[in-house]
């Protein structure tokens, strides 16, 4: 029997788009912005690839995209807090970047966008990582997940204007395979590259790269929470309807362009099913699972909130009345806003003003970003509070091995000792090499790590 993890280690990697403008004039290329942005990081750590004091990873990815990978989390609200903390951390860096620009005699301001497609059509992702058992055959397991993941955009897409129309998902156009080891060449829904970042005999990492970057907290909660429930059901051998698709990837872009959910998908066993029906069938199974789900990891009370929102979104799609979710779901919130401007301007979807609003929705600056303007006006609901996010920006999660990494980083940096850290290892290089391995991501205490941290503190001064 494959292990079922109601308490599951999770993480999210988010890439950001960057720009620097003075009014409508671009003052720096994205590459130049990235160099300015990471200047204080490199000055302090002599690297643009570092772990932050909250035990998360900060680095510069391919194509000059700043990236933030959350520390290991074991519950939904915790993961959401650490994802949002990444925005706060990069916003702090952008403020320093603006100061550096002014010091160098350059005008304008830095912009960071939590979206998935830049103005040149380059795509960058929001990748979800879920711990699963090594006993599980990931490729076949992933194929079981595909009907849900292909249609999940209906409930948690970020929305965008594309080719003169509004579509539900930003990532749908960028994904070309179901389950494979590819990453950038032909992006799959699930990447099978085997990087467990843990004891490889017990665990492996399931890397999901089909999801959109979310500004809305409830949308993020629904994206991850629904995924958790589906994974748990499959692990537990729970009775799920057979919805295996003949060609899972064939209609992913059609679904993105159809907010009614009526896109027909061909079943492997014959016949068809609509995208909405896939989600409805999965939701009904999740409701039954919740009645017997162990109350571990993400509390069942919070999972009930997920199921409630899931239910309301699907009802809204079926009825085409989105008033019950137009403050909670990214693609619905944004479409409502853009439609208001479109009607006011009397224009088509390809109007440049609409494109500007579409992009500004994803500006992570809490004072300037359009999403956060909506949030302050009560037009976008919350799932957690600012206190949780601010705490997450400066402190590691206390329930996973991340807390050990955070304590180690604080100690070696205060003692100014040469060190190396990755997801599994903590190493002091001098005055004498010492290494501790943390193969269990669930463990928030380790005797060898405690001894190493004690030794590090003794070197201070």
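The values are calculated or read from the model by the stated rules, or taken from the named source; none is laboratory data. Bear in mind the structure is a predicted one, so any value in this text is a computation, not a measurement. Cβ: placed from backbone, ideal geometry, glycine included. Neighbour counts: every protein chain shown.
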TODO: Identify all residues within the range 340-361 that are without any contact (Cβ under 8 Å) to a residue 12 or more places away in the chain and assigned to a helix (DSSP H, G or I); write none if there are none.
DONE: 340, 343, 344, 345, 352, 356, 360
TODO: Scan the range 171-193 and give yes if some residue there is modelled with pLDDT of 95 or more, over 19 Å from residue 250 (Cα atoms) and assigned by TED's automatic domain parsing to the domain that holds residue 325, otherwise no.
DONE: no
Task: Number of the condition not met by residue 257 [criteria: (1) out of contact with any strand residue (DSSP E or B) (no Cβ under 7 Å at 6 or more places or on another chain); (2) in contact (Cβ under 8 Å) with a residue 40 or more places away in the chain; (3) over 22 Å from residue 285 (Cα atoms)] - done: (1)
- [ ] Output the residues belonging to the range 142-195 that are touching a strand residue (DSSP E or B) at 6+ places or on another chain (Cβ under 6 Å), farther than 23 Å from residue 236 by Cα and in a helix (DSSP H, G or I).
- [x] 174
Open item on the list: Looking at 212, 258 in this structure, which one is assigned by TED's automatic domain parsing to the domain that holds residue 172, part of a loop (DSSP other than H, G, I, E, B) and surrounded by fewer than 24 Cβ atoms within 10 Å (Cβ to Cβ)?
Closed with: 258
- [ ] Take residue 364 and decide whether it is touching a strand residue (DSSP E or B) at 6+ places or on another chain (Cβ under 7 Å), closer than 26 Å to residue 44 by Cβ, in contact (Cβ under 8 Å) with a residue 60 or more places away in the chain and crowded, with 17+ Cβ neighbours inside 10 Å.
- [x] yes
- [ ] Please state which of the following conditions residue 119 fails to meet, knowing it meets all the rest: (1) within 28 Å of residue 204 (Cα to Cα); (2) outside any helix (DSSP H, G or I); (3) in contact with a strand residue (DSSP E or B) (Cβ under 9 Å, 6 or more places away or on another chain); (4) modelled with pLDDT under 95.
- [x] (1)
- [ ] Say whether the condition of being closer than 30 Å to residue 5 by Cα and surrounded by 17 or more Cβ atoms within 10 Å (Cβ to Cβ) is met by at least one residue in the range 429-438.
- [x] yes
Task: Filter result for residue 389 (surrounded by 13 or more Cβ atoms within 10 Å (Cβ to Cβ), under 26 Å from the mean Cα position of the chain (by Cα) and over 17 Å from residue 445 (Cα atoms)) - done: yes
- [ ] Taking residue 345 as the residue in question, decide whether it is farther than 19 Å from residue 73 by Cα, crowded, with 18+ Cβ neighbours inside 10 Å and touching a helix residue (DSSP H, G or I) at 6+ places or on another chain (Cβ under 9 Å).
- [x] no
- [ ] Mind counting the residues in the range 124-141 that are surrounded by 22 or more Cβ atoms within 10 Å (Cβ to Cβ) and assigned to a helix (DSSP H, G or I)?
- [x] 0
